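A.B. asks: Provided herewith is a single structure, encoded as structure tokens, for subsequent inquiry.
The values are calculated or read from the model by the stated rules, or taken from the named source; none is laboratory data. Nothing here was measured: the structure is a model prediction, and the numbers come from that model. No Cβ is skipped: glycine too gets one built from the backbone with ideal geometry, and neighbour counts run over all protein chains shown.
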Amino acid sequence: MTRNLSTPRGSAAMSTSAELGSRRFLFITGKGGVGKTTFCAALALALAARGKRVLVAMPLAKERLSALLGTKPLTPEIAEVGDNLWAVNLSPERALYEYGEMIIKVKALAKAVFDNKYTRTFFRATPGLYEWAMLGKAWFHTTEKLEDGSNRFDVVLFDAPATGHGVDMLRVPKVILEAVPPGILRRDAEAAWAMFQDPVQSGVVVVTLPEEMPTTETVELVHNIRTELGLPVLKLVVNGVLTPLFSEGERDELVRDAKLLAIDAPLRASGTRDSAIVAGARRAVRERVQAESLARLDREVDLPGLRLPFLFDEAGTPAGTRLLALRL
């Protein structure tokens, strides 16, 4: 079952940044809209506050990270966005060009190859190549060293695409190992895949919401990552958890009257004392769904868990990101 999902703000939350920060590469994934980037931003701040040099890599995203951190919009250039904190919005074409430049060694020749419209058409038509270019570039940054021999980045956080595309991206190095003959591409894919499989160096963090559809998709996602890919899943993060206002009995009482849950109920009750009862009934429904979702995750997902609170006025802001970072 999922452990620690109901642990109060102390023990489990206090150890999260220390536990995850010991890895070199973390793959953050989950259903679209569950707050992966919000968690990624908060974890990055928490790790940076512990003295870790952190890089957040986003693959070709209409990124929200800059708004969450209060910085300028991210580009394909790695940018410093805080103390001990860097971020990049990966471009597949740019990542592929930089990878080719490293292999070919001659910048002018690499430019001639990768700026050619025919080779660009070929690259776009090659399944998985752009995905590997972005994932491989993010992994490559775990190998970079400073002049004194220390790591350029202690931790790379990969803010992956939503569930299906994210799993496809994780699958690419495995496919390369199965289909590509020995050479530079296979060599790098082998090194990356070895790191991704090592729970001491790397792992997957799955983010979800306490709602029915995200819960169903999360159960399937964790199963697929473990069984099909054989990768370590380190933690389940449940975003947007409301503090319950009602007991189970009170929730049952509030949702018993179907008229309180009708679409037009708020309009009919507007300006009357019944408006509070209508609002309470809707809150009770949400709390019931949340309780059922958390119970299912507890039954069906064998992972250490972490709950993060629902944010109201601070949602999507740098202030809210800092609040969540404190929880980590």
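A.B. asks: So Ala95 ticks every box in (1) more than 19 Å from the chain's Cα centre (by Cα); (2) modelled with pLDDT of 95 or more; (3) closer than 17 Å to Pro161 by Cβ but one. Which box is left unticked?
C.D. replies: Unmet condition: (2).
A.B. asks: Which number in (1) in contact (Cβ under 8 Å) with a residue 24 or more places away in the chain; (2) closer than 28 Å to Arg296 by Cβ; (3) of a type outside the set (Phe, Trp, Tyr); (4) out of contact with any helix residue (DSSP H, G or I) (no Cβ under 7 Å at 6 or more places or on another chain) marks the one condition that Pro210 misses?
C.D. replies: Tallying (1) in contact (Cβ under 8 Å) with a residue 24 or more places away in the chain; (2) closer than 28 Å to Arg296 by Cβ; (3) of a type outside the set (Phe, Trp, Tyr); (4) out of contact with any helix residue (DSSP H, G or I) (no Cβ under 7 Å at 6 or more places or on another chain), Pro210 fails exactly one: (4).
A.B. asks: Output the residues belonging to region 49-77 that are assigned to a loop (DSSP other than H, G, I, E, B) and without any contact (Cβ under 8 Å) to a residue 60 or more places away in the chain.
C.D. replies: Across region 49-77, the qualifying residues are Arg50, Gly51, Lys62, Glu63, Thr71, Lys72, Pro73, Leu74, Thr75, Pro76, Glu77.
A.B. asks: Something else about it: Would you call Thr243 assigned to a loop (DSSP other than H, G, I, E, B) and hydroxyl-bearing (Ser, Thr, Tyr)?
C.D. replies: So Thr243 passes the test.
A.B. asks: Then there is this: For region 184-234: of the residues being in a helix (DSSP H, G or I) and either among the hydroxyl-bearing types (Ser, Thr, Tyr) or closer than 16 Å to Leu20 by Cβ (or both), which is nearest to the chain's Cα centre (by Cα)?
C.D. replies: The residue in question is Thr218.
A.B. asks: Pull up region 141-158, narrow it to residues that are of a type outside the set (A, V, I, L, M, F, W, C) and assigned to a strand (DSSP E or B), then point me to the one that is farthest from Val54 (Cα to Cα).
C.D. replies: Going residue by residue through region 141-158, those that are of a type outside the set (A, V, I, L, M, F, W, C) are 141-145, 147-152, 154.
Checking the rest, the ones that are also assigned to a strand (DSSP E or B) come to 145, 151.
On the way: Lys145: 14, Asn151: 11 Å.
The residue in question is Lys145.
A.B. asks: Name the one entry in Glu314, Glu300, Glu253 that is over 30 Å from Phe25 (Cβ atoms) and either among the aromatic types (Phe, Trp, Tyr) or out of contact with any strand residue (DSSP E or B) (no Cβ under 8 Å at 6 or more places or on another chain) (or both).
C.D. replies: Glu253
Residues checked against (1) more than 20 Å from Glu212 (Cα to Cα); (2) in contact with a His (Cβ under 8 Å, 6 or more places away or on another chain); (3) of a type in the set (A, V, I, L, M, F, W, C):
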| site | (1), (2), (3) |
| --- | --- |
| Arg251 | no, no, no |
| Lys259 | yes, no, no |
| Val278 | yes, no, yes |
| Arg286 | no, no, no |
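A.B. asks: Here's something else I'd like to know. Of the residues Leu326, Leu267, only one is of a type outside the set (S, T, N, Q), surrounded by fewer than 18 Cβ atoms within 10 Å (Cβ to Cβ), more than 16 Å from Ala42 (Cα to Cα) and at pLDDT below 95; which? First the steps, then the outcome.
C.D. replies: Numbers: Leu326 fails: more than 16 Å from Ala42 (Cα to Cα).
Checking each option against the conditions leaves just Leu267.
A.B. asks: Specify which of the listed residues (Leu303, Leu242, Leu261, Leu231) is at pLDDT below 90 and either in contact with a Pro (Cβ under 7 Å, 6 or more places away or on another chain) or more than 30 Å from Lys72 (Cα to Cα) (or both).
C.D. replies: Result: Leu261 is the single residue among Leu303, Leu242, Leu261, Leu231 that is at pLDDT below 90 and either in contact with a Pro (Cβ under 7 Å, 6 or more places away or on another chain) or more than 30 Å from Lys72 (Cα to Cα) (or both).
A.B. asks: Please state which of the following conditions Leu146 fails to meet, knowing it meets all the rest: (1) surrounded by fewer than 17 Cβ atoms within 10 Å (Cβ to Cβ); (2) more than 19 Å from the chain's Cα centre (by Cα); (3) closer than 25 Å to Val219 by Cβ.
C.D. replies: Leu146 satisfies all of (1) surrounded by fewer than 17 Cβ atoms within 10 Å (Cβ to Cβ); (2) more than 19 Å from the chain's Cα centre (by Cα); (3) closer than 25 Å to Val219 by Cβ except (3).
A.B. asks: Consider Val237 against the criteria (1) assigned to a strand (DSSP E or B); (2) touching a Gly at 6+ places or on another chain (Cβ under 7 Å): it satisfies all of them except one. Which criterion is unmet?
C.D. replies: Exception for Val237: condition (2).
A.B. asks: For Leu68, only one of the following conditions fails: (1) of a type outside the set (Gly, Ala, Ser); (2) buried (at least 18 other Cβ atoms within 10 Å of the Cβ); (3) touching a strand residue (DSSP E or B) at 6+ places or on another chain (Cβ under 6 Å). What is its number?
C.D. replies: The failed condition is (3).
A.B. asks: For region 286-317, which positions are touching a helix residue (DSSP H, G or I) at 6+ places or on another chain (Cβ under 6 Å) and either in a loop (DSSP other than H, G, I, E, B) or free of Cβ contacts under 8 Å to residues at least 12 places away in the same chain (or both)?
C.D. replies: Selection gives Val301, Leu311, Glu314.
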